[in-house]
Amino acid sequence: MPSVQTPDGGLADHRPPVDPRIEARRNDVLNRRRLRAWITAGIAVVLAAAAFGVFQSPLLDVDEIEVIGASRTGADQILEAAGVEVGTPLLGLDLSGPRKTIAALPWVDQVRASRTWGGKVTLEVTEREAVAQIPVDGGWALADSLGRVLQQSPTPWELPVVLVNPVPQPGGWLRDAALPLLEASEALIPLKGDGIGSITLVGGQVVVELPGDGEAYWGARDDPRGKATALATVLERVDLNCLERVNLSVPELPVLTRQDNCP
C-alpha cells in the first residue's frame, strides 16, 4: 500500500502490521542461515589446521633416501649435492633443484628423482663413460665422448691417450675440436693393449701413433668402428717394420705406405 502525506508534511506508512508469527518465522530462518555459515567456517578452519598439522608432522617427513647408480660419483656426493635430508617435510619438497645440482657433478649424465608419500626419496643417476685419458700437469684427465672432463688422476688408466688442450677442471668441457679425437679413441679402446700410441690432430687430420714410427691417418669422422677394425687387422697381419702410414679413409681398403730406402 502506498504512503500518504500527514498534516505536518511527513509521510505515513499505511501498510498493515506484520503478523508476529510471520516475523518470528523470518527471524528463525535468518538465525539458522547465520548458524550454518558459522558452522561451515568453523569446520573449514578446523580442517585446515588439521591438514597443516599432519603435513608438518613426522608422518609426512622424508624417512629414507636411496641413491642408485652412483658407482663413480659415490652416494655421499650425490646426497651432498641434493641437499635433501631425513626429516625434511615432504610437503613443498621440490626435487627440480636437486636434479640440477646432481646433474652438475662431473660423472653424472642423467638424473631421476622421485618420492613417495610413505617418506622415501629415490635419486637415480646414469653416469658417463670415460673414452680417453689426457695428460695434464701431474696426472691424467678422463673425458667422455662428448668432451666432458670427468676426473683427474695421478695414475694412468687403461684407455687410449688423446693429446688436446686446454683441459678444464672436472665438470668442464673440452673444445669441439676434440670431438673427432674422442670418437676415434672410443673406437680404439679394444686396441689399447696393442701398442696404440697417442691420438692427436695434425693439420686438422686425426692421426694415431702406431708401434715404431708409423702413423694411421683416420680420415673423415664416418664409421669409426670400421676404421678401428681395419687398423686392428693391419696390426695383426702386416709387418710394421718401415711402415710409414696407414690411410683409413676407406676402412674396407686401407692404404699402406712404407718408408723410402727401407731394407
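Okay, here's what the table says:
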item: Conditions (1) touching a residue at least 12 places away in the same chain (Cβ under 8 Å); (2) open to solvent by 30 Å² or more (accessible area, probe 1.4 Å); (3) within 26 Å of the chain's Cα centre (by Cα); number of the one not met by Pro166; result: (1)
item: Scan of the stretch 145-158 for residues that are open to solvent by less than 30 Å² (accessible area, probe 1.4 Å) and assigned to a loop (DSSP other than H, G, I, E, B), ordered by number; result: Gly147
item: Qualifying residues in the stretch 88-101 (those that are surrounded by 13 or more Cβ atoms within 10 Å (Cβ to Cβ) and of a type in the set (Ser, Thr, Tyr)) - the one farthest from Arg115 (Cα to Cα); result: Thr101
item: Verdict on Thr155 being out of contact with any helix residue (DSSP H, G or I) (no Cβ under 6 Å at 6 or more places or on another chain), among the hydroxyl-bearing types (Ser, Thr, Tyr) and either in contact (Cβ under 8 Å) with a residue 60 or more places away in the chain or within 19 Å of Glu66 (Cα to Cα) (or both); result: no
item: Strands (runs of 3 or more DSSP E) contained entirely in the stretch 167-256, each with at least 3 residues that are in contact with an Asp or Glu (Cβ under 8 Å, 6 or more places away or on another chain); result: 205-209, 243-247
item: Filter result (open to solvent by less than 20 Å² (accessible area, probe 1.4 Å) and either among the polar types (S, T, N, Q) or farther than 16 Å from Val162 by Cα (or both)) within the stretch 227-236; result: Lys227, Ala230, Leu231, Val234
item: The stretch 112-126 - residue that is part of a strand (DSSP E or B) and open to solvent by less than 30 Å² (accessible area, probe 1.4 Å) and, of those, farthest from Asp94 (Cα to Cα); result: Val125
item: Single match in Glu85, Glu129 (criterion: open to solvent by 50 Å² or more (accessible area, probe 1.4 Å), assigned to a loop (DSSP other than H, G, I, E, B) and within 18 Å of Ser145 (Cα to Cα)); result: Glu129
item: Residues within the stretch 73-103 that are among the charged types (D, E, K, R) and in contact with a Pro (Cβ under 9 Å, 6 or more places away or on another chain), tallied; result: 0
item: Selection from the stretch 88-106 of residues that are closer than 15 Å to Glu127 by Cα, in a helix (DSSP H, G or I) and out of contact with any strand residue (DSSP E or B) (no Cβ under 8 Å at 6 or more places or on another chain); result: Lys100, Thr101
item: Candidates Leu188, Leu210, Leu201, Leu179, filtered to the one that is open to solvent by less than 60 Å² (accessible area, probe 1.4 Å), under 14 Å from Ile134 (Cα atoms) and modelled with pLDDT of 90 or more; result: Leu179
item: Check on Gly87, at positive phi and not aromatic (Phe, Trp, Tyr); result: yes
item: Selected residue (criterion: least open to solvent (accessible area, probe 1.4 Å)) from residues of the stretch 237-263 that are of a type outside the set (Val, Ile, Thr) and without any contact (Cβ under 8 Å) to a residue 12 or more places away in the chain; result: Asp239
item: All positions within the stretch 115-145 that are of a type in the set (A, V, I, L, M) and over 23 Å from Arg225 (Cβ atoms); result: Val121, Leu123, Val125, Val136, Ala141
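The values are calculated or read from the model by the stated rules, or taken from the named source; none is laboratory data. The structure presented is a predicted model; accordingly, all values stated were derived computationally and were not measured. Using ideal geometry, Cβ is built from the backbone for each residue, glycine included, and neighbour counts are taken over all protein chains shown. Side chains are part of the model used for accessible areas, which takes the heavy atoms of the whole protein and leaves out ligands, DNA and RNA. Shrake-Rupley method; radii C 1.70, N 1.55, O 1.52, S 1.80 Å.
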